[in-house]
Amino acid sequence: MFCTIGNSVDKAAMSNINSLTPTNLIEPRQTVQKTNTEIICRFFNIKKEYDYEEDLILDILDNTSIDWSKLSEKKRIPSIILNEFRCKFDWLKIIYNTTLTANFILTHKTFITNLFYDYKTINSITDNNFHKLKDIVILLNDYTVVCKLYNLACSKKYINLLTFIVSSFRIEDKDNTYIYDFIKNNEHKFVEVILKYTNIQIYYYLSGTQYYYRNKQGTDNSLSNTNIRDMLIKYRPKTQ
């Protein structure tokens, strides 16, 4: 999945530094700033010349005419742009439209992880677009992100997202409570996915001719759905 995004920025900056002679290595920061300023100006199509990168960035941040949502859809966005203007971009569009390198994801792990903590990011994920996030979620390997995606999949009934989450990560029993709602509401497809890929134990038993299961509140309820009953017997053959 992974290909290069923005690496030319870093290489360009570093090549300028590496090509300097020892006597010219007095102020390499100015060289990097000049390179970054040129890249930023090209990206935003700015003709004005700036001596200092900070002045350029402040002017861009104050510019209310910039369509940041449209910029977020660009197929290639240099690292310096992402680093300096990260708060302005619609990161979901960047993730969906641009292939990020594993190195970039790991380098910016904290920032990208925090994006998934934001409810706007989570609520924008659907059963149709989540596949573009799979490698990123695996690389982040953050349990809070995993739980947020698990809760999203269960609450929105995204069967594909749920299958990915429970088959790729271990969900602790204390966080795996939606199964009781699925049993109660006869959502047998979701019950099967959770039973198949997790270790959660559902207490059930046969009394006479009727099966019962114990819900998360500790109350015994009749188990009338034969599909769910058969799944419990298949994946949890021994009663507790």
Hey, Thr121 hits all of (1) modelled with pLDDT of 90 or more; (2) open to solvent by less than 30 Å² (accessible area, probe 1.4 Å); (3) under 24 Å from Glu172 (Cβ atoms) but one; which does it fall short on? (1)
Working carefully through the options Asp55, Asp135, find the one that is part of a helix (DSSP H, G or I), open to solvent by 60 Å² or more (accessible area, probe 1.4 Å) and at pLDDT 85 or above. Asp55
Give me the pairs: first residue in segment 135-159 and within 16 Å of Thr113 (Cβ to Cβ), second residue of a type in the set (D, E, K, R) and open to solvent by less than 70 Å² (accessible area, probe 1.4 Å), beta-carbon distance under 6 Å, and six or more apart or on different chains, which are they? Cys147/Asp175
Among Lys109, Lys48, the single one that is of a type outside the set (Gly, Ala, Ser), out of contact with any Lys or Arg (no Cβ under 9 Å at 6 or more places or on another chain), modelled with pLDDT of 85 or more and open to solvent by 90 Å² or more (accessible area, probe 1.4 Å) is Lys48
For Ala102, the lone unmet condition from (1) within 30 Å of Thr35 (Cβ to Cβ); (2) over 14 Å from the mean Cα position of the chain (by Cα) is (2)
Checking Lys134, Lys93 in turn, the sole residue that is in contact with a helix residue (DSSP H, G or I) (Cβ under 9 Å, 6 or more places away or on another chain), among the charged types (D, E, K, R) and over 16 Å from Ser79 (Cα atoms) turns out to be Lys134
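Could you check segment 223-238 and list, in sequence order, the residues that are open to solvent by less than 80 Å² (accessible area, probe 1.4 Å) and hydroxyl-bearing (Ser, Thr, Tyr)? Break it down into steps so the answer makes sense when it comes.
First, the residues of segment 223-238 that are open to solvent by less than 80 Å² (accessible area, probe 1.4 Å): 223, 225-233, 235-236.
Once the filter is applied, which keeps residues that are open to solvent by less than 80 Å² (accessible area, probe 1.4 Å) and hydroxyl-bearing (Ser, Thr, Tyr), segment 223-238 yields Thr226, Tyr235.
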For segment 101-113, pairs from a residue that is over 13 Å from Asp135 (Cα atoms) and of a type outside the set (Gly, Ala, Ser) to a residue that is assigned to a loop (DSSP other than H, G, I, E, B) and modelled with pLDDT under 90, with Cβ under 8 Å and 6 or more apart or across chains, are Phe111/Arg86
How many residues does segment 83-106 hold that are in a helix (DSSP H, G or I) and either at pLDDT 85 or above or farther than 18 Å from Glu53 by Cα (or both)? 14
Could you run through segment 109-124 and say how many residues are over 14 Å from Cys147 (Cα atoms) and not in a helix (DSSP H, G or I)? 1
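The values are calculated or read from the model by the stated rules, or taken from the named source; none is laboratory data. In this text the structure is predicted, and so the values were computed from the model without any measurement. We place every Cβ from the backbone using ideal geometry, glycine too, and count neighbours over all the protein chains shown. The protein model used for the area step is the full one, side chains on, heavy atoms only, and it has no ligands, DNA or RNA in it. Shrake-Rupley method; radii C 1.70, N 1.55, O 1.52, S 1.80 Å.
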